[in-house]
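Heads up: the structure comes next, in C-alpha cells.
The values are calculated or read from the model by the stated rules, or taken from the named source; none is laboratory data. Please read these numbers as outputs of a predicted model, since none were measured by experiment. Cβ atoms come from the backbone with ideal geometry, glycine included; neighbour counts cover every protein chain shown.
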Amino acid sequence: MPADVQALFKKHFGQAPTHLVQAPGRLEVLGNHTDYNHGLVLSVAVDKYIFLAASPRTDGKVALVSSAFARPELFSLSDIRPDPAAAWANYVKGVLVQLQKRRVNFSGFNAAIHSTLPMGAGLSSSAALEVATALAVRRLSPFTLTATGLGPPPRPDPRGQLPPLTPAERMALAQLCRAAENEFVGVPCGILDQVSSLCGKPAQVMEIDCAALTVGYAPVPGAVLVVCPSLTQHALAGGEYKELREQCAAAARQLGAKFLRTVELKQVQANKARLTQREFECAHHVVGEIARVVAAERALRAGDLEQFGQYLFQSHESSRDFLRNSTPELDLLVRLARHHPACLGARLTGGGFGGATINLVQHHAVAGFMAHMMAQYEKSTGLKMTPLVCQVVGGAN
Ligand code: GLA
C-alpha cells in the first residue's frame, strides 16, 4: 500500500518522501514464450504492485531500503555494480545504468520499496521494480525517452504534475527496462513483462505485438482470473529459459526465418528432418501458440468465453508436451482446475519450470473453485497453496 511505503521511507530516512510511484505486476493470459520470438501475447496488469517512494539527494549516491530485505543498499551513481548479497537491488541498478547509457541526466536519491506482489508467483515483481525505478527517476529529474534517444524534457504543470506518458514513451521505457534485465541482471527475457506493467488499462486485455512493438486492447473476458502458485521453484536466471530461447533461435535459422513469428506450422512440419528433435518441439509450440493467440483474440471479441478457455487448456498442453517447461505440480494444478465445473480454462503462465497457473473461472463459483484447488493441491502434494484473485488494472504511474 502507498501508506506502507511512505511509512518505511520516513522510518529509514527521517522525513516524508517527495515522490511516490507504483508499478503493477502482470499476468500472461495466453502466448507462452512467444515474446522473444517476435510473436503475439495476451496479458493484463494486475492489482498487485511495487510501490516506490523517493526523495532527491545531493551527494551522487543512491540509498535503497526494501520492506522485504533486512539490509539497505547504498552506492554511488559513478560506480554501479551488481552486488550478489543484494540481488534485489540489481533491478534498480540495471535501470539506472540504462538511463545513464541514454544520457539521461539525473542525480542521487533515497528510495523505499514495498511490494504487494508475491515473489515467485509468476506475476513478474522484477519487471514492476524496474518500471517503478524508471518512473521514479522521471519524477525526480524529468526526461522524455523516444525510440531513438532523448526528446525535450516534459514540463510539470503549476501543481508540479508531469504530463502523462504517451504510448510511445511507455514502449521506449519498456525497452529500457528489458535491456536492464538482459544486460545487468543477466536474464534473457523478452519484453512481455515490462510492456504489461507499463501499458495496462483497467478491465482490458493487452494484445502485444512483440515485433511491431504495439499494443491493442480488448475487453477482459467476463470471468474471474485466479492465479494458483505451484509453490515450486521458478528460476528464470537458471539455464532453462536461456536454453529455450536458443532452441527457438536455432529453429528459426534452420527454417530460413529471422524469428519464428514469420513461420507457419506446415513449414515446421514439412521441414522436420532439418531440425533437431528439440528445435522441432520448440518451433511447433511457438508457431502453434502464436496462431492460438490470434484465434483467442477472435473468441474474446466475439464474447465466446468457452472457446477462449479451450485455448488456455490447449496452450498448457503445448507448453507441457512440446516446449516442455511445465512441472508435475503445474500439470496437477491444471488437471485439478479442469475437474471443477466452473473453470473455463487453465494453463501455466510465465516462464514455466515452476511458478503458477492462470485460471479463468465463472464469477458465481470463485469461492468454491478456490477451496477445491487449495484442498486438492494440499491433499496431493502436502503444500498449502493460497490462490489469488486478480483484478485488471491500469499501467504504472
Ligand atoms: C517470462 C519472461 C517473459 C516471457 C515469459 C514466457 O515471464 O520474463 O519475457 O518470455 O517468461 O512467455
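For the stretch 99-117, the condition of being assigned by TED's automatic domain parsing to the domain that holds ALA45, under 30 Å from LEU330 (Cα atoms) and within 16 Å of the ligand (Cβ to nearest atom) holds for at least one residue. For the stretch 264-343, the helices (runs of 4 or more DSSP H) that sit wholly inside it and include 3 or more residues that are of a type outside the set (S, T, N, Q), over 15 Å from VAL361 (Cα atoms) and more than 21 Å from the chain's Cα centre (by Cα) are 265-270, 277-301, 328-339. In the set (1) closer than 30 Å to LEU165 by Cα; (2) crowded, with 17+ Cβ neighbours inside 10 Å, ALA203 fails one condition alone, (2). The listed residues are ARG261, ARG245, and the only one of them that is within 30 Å of ALA302 (Cβ to Cβ), in a helix (DSSP H, G or I), within 15 Å of the ligand (Cβ to nearest atom) and of a type in the set (D, E, K, R) turns out to be ARG261.
Can you list residue pairs whose Cβ atoms sit under 6 Å apart, with the first residue in the stretch 32-46 being without any contact (Cβ under 8 Å) to a residue 12 or more places away in the chain and hydroxyl-bearing (Ser, Thr, Tyr) and the second being assigned to a loop (DSSP other than H, G, I, E, B) and within 6 Å of the ligand (Cβ to nearest atom)? Count only pairs 6 or more apart in sequence or on different chains. As it stands, the answer is none, since no pair meets every condition given.
Name the single residue that is surrounded by the most Cβ atoms within 10 Å (Cβ to Cβ) among those in the stretch 206-222 being among the hydrophobic types (A, V, I, L, M, F, W, C) and under 22 Å from ASN359 (Cα atoms). If you could, list the steps in order and put the result at the bottom.
Our first condition is that a residue be among the hydrophobic types (A, V, I, L, M, F, W, C); within the stretch 206-222, this holds for 206, 208, 210-213, 215, 218, 220.
Checking the rest, the ones that are also under 22 Å from ASN359 (Cα atoms) come to 206, 208, 218, 220.
Numbers: MET206: 23, ILE208: 28, ALA218: 15, VAL220: 18.
The extreme case among them is ILE208.
Of all residues in the stretch 141-155, exactly one satisfies the criterion of being out of contact with any strand residue (DSSP E or B) (no Cβ under 9 Å at 6 or more places or on another chain), modelled with pLDDT of 90 or more and surrounded by 12 or more Cβ atoms within 10 Å (Cβ to Cβ), namely PRO142. Filtering PRO167, PRO188, PRO219 for residues that are more than 17 Å from the chain's Cα centre (by Cα) and modelled with pLDDT under 95 leaves a single hit, PRO219. Here GLU207 meets each of (1) within 16 Å of the ligand (Cβ to nearest atom); (2) in the same structural domain as THR349 (by TED's automatic domain parsing); (3) of a type outside the set (A, V, I, L, M, F, W, C) with one exception, condition (2).
Selection of the stretch 41-87 for residues being within 30 Å of VAL205 (Cα to Cα) and not aliphatic (A, V, I, L, M) yields SER43, ASP47, LYS48, TYR49, PHE51.
For the structure I just gave you, tell me whether ALA203 is on the phi > 0 side of the Ramachandran plot, out of contact with any helix residue (DSSP H, G or I) (no Cβ under 9 Å at 6 or more places or on another chain) and not acidic (Asp, Glu). Explain how you work it out, then say what you get.
Values: on the phi > 0 side of the Ramachandran plot: yes; out of contact with any helix residue (DSSP H, G or I) (no Cβ under 9 Å at 6 or more places or on another chain): yes; not acidic (Asp, Glu): yes.
The answer is yes for ALA203.
Does LEU225 qualify as being among the hydrophobic types (A, V, I, L, M, F, W, C), in a loop (DSSP other than H, G, I, E, B) and away from the ligand (no atom under 14 Å from the Cβ)? Break it down into steps so the answer makes sense when it comes.
Values: among the hydrophobic types (A, V, I, L, M, F, W, C): yes; in a loop (DSSP other than H, G, I, E, B): no; away from the ligand (no atom under 14 Å from the Cβ): yes.
Taking the combined requirement at face value, the residue does not satisfy it.
Looking for something basic (Lys, Arg) and away from the ligand (no atom under 16 Å from the Cβ) - is there at least one such residue anywhere in the stretch 49-58?
Restricting attention to the stretch 49-58, the residues satisfying the condition of being basic (Lys, Arg) are 57.
So of that shortlist, the ones also away from the ligand (no atom under 16 Å from the Cβ) come out as 57.
The answer is yes, given that some residue of the stretch 49-58 is basic (Lys, Arg) and away from the ligand (no atom under 16 Å from the Cβ).
Could we say that ALA54 is within 20 Å of the chain's Cα centre (by Cα) and among the small types (Gly, Ala, Ser) here? Step through it out loud before you land on a result.
Values: within 20 Å of the chain's Cα centre (by Cα): no; among the small types (Gly, Ala, Ser): yes.
So ALA54 does not fit the description; no.
Residue check: is LEU150 within 16 Å of the ligand (Cβ to nearest atom) and aliphatic (A, V, I, L, M)? So LEU150 fails the test.
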